[in-house]
Amino acid sequence: MSEAIDENNQETLNMGAQTSYSILALISFLGLASALETSSVPNENPAKKMIQVGLVHNMNSTHGKVVMSCISMALFDFYDVHTHYHTRLSLHIRDPKDDVVDAALAVLDLMENEEVHAILGPEWSSQTEFVINLGVKAQVPIISFSATSPSLSPRQRRYFVRTAYDDSSQVGALAAVVQAYGWREITLVYEDTDYGNGLVPYLVDALQEVDARISYRSVIPAFPEDIDIVKELNKLLMTQTRVFLVHMTALIGSRFFVLASEAGMMSEEIAWIVTDGLSSLLDPVSSKALDSMQGVLGVRPHVPRSESRTEFGERWKKLYAERNPHEEIADLSLFGLWAYDTVTALAFTGEMAWEHAKSRYLKPNTSRNNLNFSFIGISEMGPKLLEKILSVKFQGLSGEFHLPNGELQPIAFEIFNVAGQREEIIGYWTSARGLSPELNPSTKAVYTATANDLKPPVWPGGTRKPPKGWVVPMLGKKLRIGVPVKDGFREFFKIEWDPHTGVPSYSGFSNDMFLAVLDALPFAIPHQYIPYVNESRQIAGTYDDMLYQIKLQRFDAVVGDTTIVANRSSYIDFTLPYSESGVAMVVAIKDDERRNMWIFLKPLSWTLWVTSGLAFILTGYFVWLLEHRTNEEFRGLRSQQIGLIIWFSFSTLVFAHREKIANNLTRLVLIVWVFVVLILTQSYTANLASLLTVQRFAPKFVDVQELIRNRHYVGYQEGSCVREFLVRQFNFDQSRLIPYGSPEEYHEALSKGNENGGVSAIFDELPYIKLFLARYCNKYKMVGPTYKTDGFAFAFPLRSPLVSYISRAILNVTQDKAKMDAIEGKYFRSQSSCQDQDAAIFSDNLSLNVYNFGGLFIITSLVSLSSVLIYVVSFFYSHWPSSSAVRAVDRSLWSKFLETTDYFFREHGLCGCLERNRPIKVPASQFPRREASPNHDVELIARTPE
């Protein structure tokens, strides 16, 4: 109840909806209902103040009888409880059938002749749309419990009140069902009325939000014959989509499903979804129609169960049976419940809005015989009655009755499944939580829409397996698949015509992949290959031309080595790639360097050669210096000793030195030096081998810009997308691009070269390049970066549902290593023979330099110099002359140093720096064999060799 309603009145109102009635009260009610239908109520109880209300509805239909009985019971129930009320609704009934003009005239008659302050109805949205304007003119609320079209909005029409749900409120639930089962294409079947057309734009938007679309619209005439429905059913059979969403009233929908069942369209491959207009609880249908709807899914507003509604249903069935003794008892519809709650709300607000002074019309038409739209009176009570009914709030039979924005707001929708003669509830949908098997799941806090959120339904055909939603059209039609004819690279797709019958046979990597993908699909796809050829059995155009045939609807798909390219995707859809790809450059190998007689010098730079030679000589000298004094093998003539120095150091290259080493310092020097020699020789050997390998595969060109700059001719595969790639990516001059069709033509063009009528390079996709190099791997090389493309894929029309199924099947096949190895090995086994090319490393300078071995040279230098220094210091220490052995005039430190130094050089057979014939004092201790006194020095004459 609104703020104007106190708590006592609210309790009283709810009690009226829950009162139990005896058989006697029911009999009394029947008499009242009959009186209401003849509009004789005002004279029956003159003590009550009568509020004139009109009812415009078809009373002869099953729906009209259900509604009328609910309205009668509402009046009886309300006033039986609210006996203290001063007002009473006086109902004036008009039956305009289904005509818009009749409905308008009926409303005008009620306003002119009965001066009604509110009108219930009309039944249809098309009738209501016109009548609303009359309500605005007369300020009479038009209260409809059955006009659900979204085109009628209380926000835009002040005197329109909808005590029912807007049809657009269900589109979220419908889209959630579509999303739950992964369907991407929907066929919408609806009647060509305001009711049918009004939902379409809202449904389109809701489906787009779940990545689905309406692929076909089947429009049923407003007053169809059976032949009209059968024609539309035949059209549905011709479409690929197998998810049909039906939006109709029960009158047309029941006939539609009976005919669809007779046409064999209630099979397990088809999914049917119906809106709330076709639920047996929303709009009664015959048992025959219900039998034909087995497996159908539907959505309808959720009506909370209550004791009062159960008790009301039992009383209503008795009343309906007594009033229609010769008819089958219909189901109580939601429209009947809405009608009951509407009358209850109107009766209560009439009491609050009643004012005796405002109980009639202003400026009524004086002529009660001629209806005139220009002279409609104005209701004084209408505006206040509108205000009160918009603010009323109570718990009715259909749930909470409250009209924010002038209409009822749904809380939840039920997802039902027709199984037998029942409609099983398999789940619920709310705008906050999406689908769920229970209405208020305690653990669900986020919006979801998956099949696991619903109980498993029974689908048409009695299966539990959800339909895929897409099949190849019936009537024996096969998928027309365009295939290319290739002169070269036939490993990918090969067509051979039988010479006698002319029947083509197909093979190749792309063909085998497509067949493997079809085997991985959960359903069969009848298909036929159509070669894209001209009269000469040559390819009829480029690959772009062949793919465009899909847009022209000459092909349903294209299978072959078709590359995913951005501009192609504007008119076709590609599956996921079944083979990786990319564009690269192939050039000829130059072999000039392989004939170079001095190539053995290239592993080391000239500075490293010189440095290594000096290191060998110095190391030999250091070894001789350390060994000469004590090792006889390092003595002899001067020429022999020089030869030994050179020989010894270079013999360490092959570890062939045979001289014995006596000094530990020499051994230390040789340990480090042998390690240096080992590193040098191993590095030289490895670099020479690498150099020979690289020179073997050295390409003539490695830079694309060099080709462009020097205006070289380059080749590409005829009909492929590579030509456009070269022009767009590198701005190649189109006159310098030459098409070729086979590996043999590639070989001939590259062999000739740019100067002899050939090309300098070939650009193509990786799969073709690998095949080409497998045949000519010793002559050509793939160089430069690989420009990524999206690979080979199968092509289908835009938004084809097959794309998602084929793509998933491609993943299953490509991830099966055994299957992929079998397919690839059948056509590409020869590629392994050229894998050594991939190991080649290109560099302009492969020579090693001094810097690469600087650390080694530093180490061996430090060890050698340190060893010599230790040896010299030790020699000077052991041969330093004593002060008593030197004459007094020669006892200076410098004299001692010169004497020891001269002796060191002479001891080692080196040329001294002393003057010729200069006497040298040598301690007698140095000459133990001579007969001289040990206490006297021996005087020697130093002579230079003659």
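Observations on the structure shown:
- Residue check, residue 821 in the same structural domain as residue 544 (by TED's automatic domain parsing), surrounded by fewer than 20 Cβ atoms within 10 Å (Cβ to Cβ), within 30 Å of residue 571 (Cβ to Cβ) and at pLDDT 85 or above: no
- All conditions in (1) out of contact with any Phe, Trp or Tyr (no Cβ under 9 Å at 6 or more places or on another chain); (2) over 30 Å from residue 298 (Cβ atoms) hold for residue 505, with the sole exception of (1).
- Evaluation of residue 342 against (1) modelled with pLDDT of 95 or more; (2) part of a loop (DSSP other than H, G, I, E, B) (one fails), failing number: (2)
- Any hit, the range 600-612, residues being outside any strand (DSSP E or B), among the polar types (S, T, N, Q) and crowded, with 21+ Cβ neighbours inside 10 Å: no
- Residue 560 being in contact (Cβ under 8 Å) with a residue 40 or more places away in the chain, assigned by TED's automatic domain parsing to the domain that holds residue 729, surrounded by fewer than 21 Cβ atoms within 10 Å (Cβ to Cβ) and under 29 Å from the mean Cα position of the chain (by Cα): no
- Residue 622 at pLDDT below 90 and buried (at least 22 other Cβ atoms within 10 Å of the Cβ): yes
- For the range 67-108, a residue qualifies if it is under 22 Å from residue 128 (Cα atoms), surrounded by 18 or more Cβ atoms within 10 Å (Cβ to Cβ) and either modelled with pLDDT under 90 or among the aromatic types (Phe, Trp, Tyr) (or both), and exactly one does: 96.
- Elements of type strands (runs of 3 or more DSSP E) contained in the range 206-312, each with 1 or more residues being surrounded by fewer than 23 Cβ atoms within 10 Å (Cβ to Cβ) and hydroxyl-bearing (Ser, Thr, Tyr): 213-220
- Where a residue in the range 448-462 is under 12 Å from residue 437 (Cα atoms) and its partner, wherever it lies, is surrounded by 14 or more Cβ atoms within 10 Å (Cβ to Cβ) and among the charged types (D, E, K, R), with Cβ under 8 Å and at least six apart: 448/433
- The range 730-746, residues that are over 16 Å from residue 486 (Cβ atoms) and either surrounded by 19 or more Cβ atoms within 10 Å (Cβ to Cβ) or hydroxyl-bearing (Ser, Thr, Tyr) (or both): 732, 735
- Residue selected from the range 109-130 under the condition hydrophobic (A, V, I, L, M, F, W, C) and within 18 Å of residue 195 (Cα to Cα), by the criterion surrounded by the fewest Cβ atoms within 10 Å (Cβ to Cβ): 130
- Pairs are defined by a Cβ separation below 6 Å, a sequence spacing of at least 6 or placement on different chains, a first member in the range 570-583 that is assigned to a loop (DSSP other than H, G, I, E, B), and a second member that is surrounded by fewer than 18 Cβ atoms within 10 Å (Cβ to Cβ); the pairs so defined are 571/551; 577/790.
- Positions within the range 237-264 being under 18 Å from residue 461 (Cα atoms) and in contact with a Phe, Trp or Tyr (Cβ under 9 Å, 6 or more places away or on another chain), in sequence order: 241, 242, 243, 244, 245, 257, 260
- Counting only residues that are buried (at least 21 other Cβ atoms within 10 Å of the Cβ) and part of a loop (DSSP other than H, G, I, E, B), the range 144-163 holds 8 of them.
- Residue under evaluation residue 406, criteria (1) outside the structural domain of residue 793 (by TED's automatic domain parsing); (2) within 31 Å of the chain's Cα centre (by Cα); (3) at positive phi, criterion not met: (2)
- Filter pass, residue 321 being loosely packed, with under 14 Cβ neighbours inside 10 Å, at pLDDT 85 or above and not in a loop (DSSP other than H, G, I, E, B): yes
The values are calculated or read from the model by the stated rules, or taken from the named source; none is laboratory data. Worth saying up front: this structure is predicted, and the values here are computed from it rather than measured. Note: ideal-geometry Cβ built from the backbone for every residue, glycine included; neighbour counts use all protein chains shown.
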